[in-house]
Structure formats: C-alpha cells, structure tokens
C-alpha cells in the first residue's frame, strides 16, 4: 500500500478483510442506515439547513420516554433515594418509597448501589421477581434460583443463544425465529455463526403462529443443520399480535415433540390492547399442561423494564427465568454471567419496583395506578387510531395492533418504484422509507429489516408519539403514500 | 414397552413417536438426526429423553471459560456466609470478601457530588429542592437535556450520549497535556469489560495456524483469558518480571511473540496499567518500548487503564498510552492502532454497580470503525446512569464551584487511604516468613508470593486442587478471609501467589493482615 506521495506504508493491523467475519454479517435495522440518515438530517436542521419539516420524528425505535411518555413517579423516587440516601431524611418522599429504597440498599454491599451485586443479581430482587411471576401465573411456583437478572432482556437472550450454539456444518445449531422478527435475534445468530431457521407468521390471520408452518420450517432445516431452539416473541415485535392460549399450547407441544429449547420473549406482557386478547405466559400454560410437559420442556422466559408502562429503556433492566435447565448447564450459565460481574444495579433496583409496585394500602398506590392506567390507556387508544387511519389509505393494509408498541402495515409499491429502487441498489421498502424521511422528516424502519414474505413490503412504525402528534404523523404518512403511489404510477 | 425400530437416528423409538418420526422418507432425514438423544429408562420404568441442552451439547468454548475472581472459592465463601447467618458456629464471625475490587462493599463512601447529580437526574422534581448545590443542578440539567424526552429512561445513541463523549474527549485532552481527542473516537460502554470484549470480538478470525492470537500478561485480570476462551482465540502469555516489581520486559514480549507465530496469528497486545493483579505502574520508558514493539510487530495495542488514578508509590506516575504515543511523533501516532479503556468502577469513585466506562479508539480503519458502530447498536446503548456518572467523573466540580472543596476533600481522603493501605499491606506481608510482597505501586491489590511446603503441595494434588487454591480454601475455612489464588490469574510454574484487595478500612485491614500472618505461620508449621 502506498501513500499519495509515493512513500510505502503498511496496511492497518485491523481491516475489513481480517476482522471477525461473523461481525460483518450482523445487521440491526432498528438503528441501521435509515436512522443514521435521520441523525444526519437532525444535525443539518440544527445547523439551519432548510427542510420541508422542522423536526425529525424518530418513530423507528420503541423508546417511550423519547416520545414524551412520563416515567412513573414512584419508580423514580425510589431510584433517587437509592442514589442519594441522605434523601431518606427528606419528608417530601412517601414512606413506601423510602421503605423500598432501604430494603434495596440493605441488600447491596456497603449499602451502596455502587457495589457490584451477585452476578445472578441481587438476591432479594430475584425473590421479588419470583413472587411476581407466581402472582402473575396464578400461583405456579417460581424458584428465585431460576431467575437471572440481566442488562436488558437483550443480554439474557444473547447469553442463552450463546450457550445453545455448537456443532459444525450440518450439525451446526439451528434456531427458529419468526418472520417478521425483532432483529436482535438475526443479529445474535449471525454473530454466533448459528443457523437462522425462519418460520412465517400468517399476515392474513393477524400474524398468528401456525404449527404446520413451524413443522415445515423445522423439517426443511433438518436437512442442513441441527434445530435446537424455538424463539417466540409474544406479544409480537414488530407485528403486535397477542397469541391465543391454544396457540401457545400448540407451540409448547411442538417444542416437546421436536425436542426444542423454547425461548419466550415476553417483554411486552403488559402491552395488550385488543378486545378478546390476553397475555398468557408460556410458563403458566406449560404448567397447566401437566407434568408430562412442565417437568420436561426446557424453557427460558424474558422480561424487561424497557417496555410495558415503565418505558425505562435507558436503565437496561431485565431478567430471564429458566425452567427445567440441566443443573450442569445452569452451573455453566452462572459461571458465564460472572465474567461480566453483574447487571447495572440501578436497573436491578428498577426491576424490583416493577415486580413489587405500591399495594392498595400504601400511600403511593393511587398515583401509581393513575399513572400506569393513563400510559396503558393512551397506548391502547393510539393502537386503535393507527390501525384505523392506515386502513383508510389505499395501498396500505394494517392488521390490528393487538399489543406491543408498533404497527407493521403492508404497503403496495408500484412496479416503477420497485424498479427505481433496484436501480439505486436499494431494497424497495428502504427506498420508500428513505423518501418519507427526506420529504416529511419521519423515520420508520423498512420491513426488510425484520423479514417479510418475498414480494411483500412493510414498514414498522411505533405508536409512541403523543396522540395529537401521532395523528399528524399518520396523516403525513398517508398523504406521502398517496403521493408516492401517484409519482410512480 | 418400547418397540425397537431401525432408524437413522439410532434411537429407541416408542410406538407413540412413530408417526412423527417416520412420516418422511428416511433418505430425507439429515445425518444430524443422530444428534437426537437416546431415550433413557429410569428406575420406575418410565422412558425419559435426555435434555435438549446438556453439558455435552452446549457451546464448548463456554465450558472453557473460567473467572477466578468469582470462582469456586467465592462460591464457598457465600455458602459460609449463609451458614453463619443460619447460626452455625465458625472460627470467625464474618466472611471478609477480599477477593474482588469492590470498594463500596468494603465501606468506601461514594462521592457526594456524584450521587447528588444522579438523584437529580433520576427524579428531576428535586431540581426545585434547595438542599442541592447549584453546580450539581447545572450538571443534571445538562445531562437531562441531552437525553431523549429529557429522561434517563430513554435509550441514548448507541455510541453514548454526545455531550458525554465530548466531555470525555476534553478530559482526555486535559489529562494528556493537550494531545487532541476526537469525541467521535469515544465509545461509552457497560463497564470497561464491555469495551474490552467488543474489541476482542472484532479482532478474532482465522482457523488453525491463522487463528488470531492475543498477547496478555501473566499474571492477568482473568476477564482476558475468559474472553479469549469464549471467542476461541489463542492466548499468548508474556511473563511480567516478579524480581523487578512486575515490570514488562521487551525481550520477554519478543520471546512470547516469536514462539506464538509458529501456531497462530498474533494480532493484539493487551497491557493493564496500573496492573491487575500486580499493581505495578509502568515507567514512561517501558510504555514507549511497548509502543515501539507493537508498531514493529504490527500488533493492535489494548491499554486497560481503569486504575489510572490509583497510583501510590513515590517515583511512580501514570502515563497514558495515548500521551506517550503522541509524544513519540507522527511515525507512531499516525499509525499505531491503539484502544484505551477506562471505567467508573475504580479510582476514587468505586462505582462498580453503575457499569460505566468508555474506550478511545486511535487510528482505527474507517470501515472497521463503521462495523464497530454497527455492532454496538445491536445492544442499543450502555446504561444511562453509568453514562451520567462517567460525565461527572470527567467533568468534576471546578475551583470556584460550590461543591469543589468537598469533592476534593472526599477524593483526596479516598486516594490517600488507599495509598496508606497499599503501604501497610506491603509492610505487614513482608514481615511474614515465606511471604514476599512487591510494593503495591498502584491499583487495589496485593499479589504476594507465598511459599507452600512440599507436604501441602502433595496433599493439594491428591485432592486434585491447585496448591494455592488448597491454601486459600484452608484460609477461608479457618479465618473467613476470602482471597483469590494466584492460579486464577496465572503465574510462573512452580510459584504460588494470592490476590488480596487493599480495600477494607485501615483498622480492619490491619486485623486481616495479621490473621493472614497467623494463618500462614500455622499452615507452614502444619505441613512442615
């Protein structure tokens, strides 16, 4: 390699060609190319560049607070008390908040949230998580020793996948994940060099799961890899579907028959809006199916502080519950998480409050319930509104947003637009979304980032902006779609 | 009863499973079907299958991972704590966890200013509270303004909050006497460990003789060996010189490298300065020599500098790799690929639980940097409380600000207590026959060499234990003191050590050191 002045210089030690090839295969659309462009545009706006819009609306990521949702007062009061315990003398704070803070601090080394915690997470928090799960699941026992606190749910998901991946060539571990999926899964599988086994959700049936499709996918996969894991996101991301109890039973039965480790991503468990829909935890259904299943099916369930009514993404709080894990493997898991010492303690404290919120007889209860209800009711309203408005646009079809925080409507793209996209070397729905970004300042994520049936196009938009703003955003997208369709007709 | 059927999987298939397994032509089943586990007959005659995930079917590299700092001896310590709390009688009334560099757990107090700002950020209503000083409020407002929705609960940019990275860059510039720092080269991380693992992951590729090799000191902080085992990279050991206060020796680096080139592709050199577990603070000359070596041998340099404020010994000073690199002129500063790591867990802050940290990337290929940015985006962002804390560490109260005096007082008290304890530790341990302790020049640990009698070595081996693990386990059971055996960090063959933190409060540390002395004398006598 020579420099421009003719002096020879050596190439770098670390280049694209000699870096970890798996990392090159990783993609994560939620913060991918379109978001980078959105960030650039924001910078340009700040520098005074004239645009057809005054702000960029980041409807690409499930970040509630960024979109104006307020934190739950009680949670933040306890966190403040834990951060600066001198405030325990301050009579502005309610007794129940102080009580929770004292309990958390007593469980920390040196009574400080600055101490490392046990690698599996603070013990009393894990006990509280276990009790929460028992209450949620109608009394089915949960052992705190099966609870692992984590740095967001993502951390635990990646850890489990890491444990599961082994083998070479046709023995390589295969992991089943839905199409469409939350692209943490595809990214992690690429990073680990595991085989991704895609199973299609049924768009015509409100994105429901079909066991026949699971069977098709696993049988095809067995030709070239060793399928060992089945991942399911319920309520779904990006699709928002809330699986029926029957479906969950069928999935569990399928996992047992096909000898698959079940991973149930349930971070949206409080985000259920549609009438007739209800969250059924995989654990609960598993145990209701009796010991033939509940004492054999290996499962990990995941939860987080980032979604639901809390929206505390920045704290990176989460946990997983492992069921029927081999004790030797569990010891390996415990050893593995010890290398990173512990999950962030503020996130552990936050999780403790989520699973142990104010009770009816406590001072903070009324405000807590009011705030929680307001957030969830607003989300339900916005879910409904989104489905309604999008379904009025010719060329846009939107399944009901049964739960979670997103809409994943299907968009019809004119052939000319598809051709133009190809010319520009872009996937058609990326081309569409980039146009929308440049013309309206609205940042969505193209469906190609999540996976979709060949020849179909979608985008994922969050339902998080405040209702009035959301209405405007929905209107702008609708108008854009009509314009775009006309332009390329 | 099971019906035995011929099947490509070689498993015994009961009647009930027949329909599923034989619904396809056998020829269409892949060879991987043999991976399905055999059914087992349990005692009561019930057929059960092996689990999906077993020790034999899990990721093999994870099995190779060890992390002694929280390993078997700590598990035993926790058991003992439980037994004590259940009222069991022991020769001691508490377990002292001198195994881990956790200052707050050992009684060190947090810096008031930091916790005030964190409280204000957590619950901004407190901005109206007159008990908080103005400078704390000003920092909190600035942090909140750079958060989405003005809330710490939002995700941040994956590389970290912009204004924090700018503050980090300014801190580095000040620290390094004006050597420029670009905020775009700063990545905030979930503790330094996160950044270190991410960099190692980027580096690892190749197969067999071309597999990436990474140089790390013996002794080392076992995050490195654990990460390398998990990534399936080759660990290349270079020995620190115990006779010369654990200093680095270029001829030893050369020896290790040349030997390694025969069986792997060495690409990175990791240095921990100040050192863990050894506490040595490398001289400026040494750091120059290491940089020159890395440049000549084409190695990416990883400089773990998390203990940069923990320097105690007279004549010792922290020299950042970045500063030295730039002082060596453009031939080096334009070319050597360097990544430096820092954290909120050590120094005078001791805020381990917040998992705050950063890395600075120097001379990284642009395309690789884009890959790095993409990689960190998958995990969204580091914990925001930790990012906020890092902002305060690099942007502490200035002279003239209300919190300055108190801040300096607290910081000075913590660092001078550590310096005192470093000295005390070296002193007391060196009075023990059979123990020799290098000066604790920096960091938070002593790593003394211990003489273990032949009889004890034999007994240890009979038990299948490393001799220093045997020694430390005995110490734990008899005194309640939990240390980490030197074998957990690496040591020259035939030598034994333990790592003990210097963190307990001075009077407790004095008691601790005397108990170690008593134990060592007793142990030596017992096995003489």
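Where a number appears in this text, it was derived from the coordinates with a stated rule and is not lab data. Computed from a predicted model, the values in this text were never measured in an experiment. Cβ atoms come from the backbone with ideal geometry, glycine included; neighbour counts cover every protein chain shown.
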If each DSSP helix of 4+ residues adds -39,500 (n - 2.57) and the sum is divided by the residues in chain A, what number results at 222 nm, nearest 500 deg cm²/dmol?
-13000 deg cm²/dmol
Less than 19 Å from a label point 7 Å out along the Cα-to-Cβ axis of residue A:25: which backbone N atoms in the stretch A:218-240 qualify, by residue?
A:218, A:220-231
FRET efficiency, 1/(1 + (r/R0)^6) with R0 45 Å, evaluated for residue B:109 and residue A:16 via beta carbons
0.40
Applying the gyration tensor rule to the Cα atoms of chain A (axes a ≥ b ≥ c; rounded if a/c under 1.5, else prolate if a/b exceeds b/c, else oblate), the class is rounded
The alpha-carbon pair-distance distribution computed for the stretch A:1-146, with 5 angstrom bins and whole-percent values, is 2, 7, 9, 8, 9, 10, 11, 12, 11, 8, 5, 3, 2, 2, 0, 0
Restricting the count to DSSP beta bridges whose residues both fall in the protein assembly as shown, what percent are antiparallel, rounded to a multiple of 5?
50 percent
Describe numerically, in nm with one decimal, the distance between label points set 7 Å from Cα along Cα→Cβ at residue A:427 and at residue B:433.
7.4 nm
Euclidean distance between Cα centres, the stretch B:284-319 to the stretch B:391-456, Å:
19 Å
Could you line up A:303, A:65 from fewest to most neighbouring Cβ atoms inside 10 Å?
A:65, A:303
Shape of the stretch B:180-268 from its Cα gyration tensor (a ≥ b ≥ c, root eigenvalues): rounded if a/c is under 1.5, otherwise prolate when a/b > b/c, or oblate?
oblate
Would you tell me the mean number of C-beta atoms belonging to other protein chains that fall within 10 Å of each C-beta in A:114-123, as a whole number?
6
Ranked list, fewest to most other Cβ atoms within 10 Å of each Cβ, for B:248, A:289, B:302
A:289, B:248, B:302
Within chain B, percent of DSSP bridges classed antiparallel, to nearest 5:
55 percent
On full extension of the chain, what length is gained from residue B:61 through residue B:420, given 0.36 nm per residue of separation minus the C-alpha to C-alpha distance?
125.0 nm
Quick check: pseudo-label points 7 Å beyond the Cα along Cα→Cβ at residue B:518 and residue A:45, how many nm apart are they?
6.9 nm
Using Cα-only point scatterers and the Debye equation, what is log10 of I(q)/I(0) for the stretch B:192-339 at each q in 0.10, 0.14 Å⁻¹, rounded to two decimals?
-0.31, -0.63
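I need B:152, A:325 ordered by Cβ neighbour count within 10 Å, fewest first.
With the sparsest Cβ surroundings first, the list reads A:325, B:152.
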Taking a ≥ b ≥ c as the square roots of the Cα gyration tensor eigenvalues, with a/c under 1.5 meaning rounded and otherwise prolate when a/b beats b/c, else oblate, which class fits the stretch A:80-152?
oblate
Ratio of Rg to Rh for the stretch A:343-489, alpha carbon only, Kirkwood?
1.12
Please report how far the C-alpha centroid of the stretch A:248-280 lies from that of the stretch B:181-247, rounded to the nearest whole angstrom.
40 Å
Counting only DSSP beta bridges with both partners in chain A, the antiparallel fraction in percent, to the nearest 5, comes to 50 percent
Per-residue Cβ counts within 10 Å, from other chains only, averaged over A:20-27: what number is that?
6
I'd like the FRET efficiency for residue B:255 and residue A:106, computed as 1/(1 + (r/R0)^6) with the beta carbon distance as r and R0 of 45 Å, rounded to 0.05.
0.30
Can you compute the modelled spin-label distance between residue A:140 and residue A:487, with each label point 7 Å from Cα toward Cβ, in nm?
5.0 nm
On each of the three principal axes of the Cα atoms of chain B, give max minus min coordinate, whole Å, ordered largest first.
86, 63, 55
If the convex hull of the alpha-carbon atoms of the protein assembly as shown is projected onto planes in all directions, what is the mean projected area in square nanometres?
43.8 nm²
Estimated FRET transfer efficiency when R0 is 56 angstrom, pair residue A:367-residue A:419 (beta carbons, to 0.05)
0.50
Output field shielding_mean for B:515-524 (other chain Cβ, 10 Å radius) holds 0
Treating each Cα of the stretch B:59-204 as an identical point scatterer and ignoring solvent, apply the Debye formula and state log10 I(q)/I(0) at q = 0.12, 0.15 Å⁻¹.
-0.85, -1.06
Full-stretch length increase - residue B:398, residue B:507 - with 0.36 nm per residue and alpha-carbon distance subtracted
36.0 nm
Label zone at residue A:202 (point 7 Å along Cα-to-Cβ), backbone N below 15 Å, the stretch A:208-223:
A:208-217
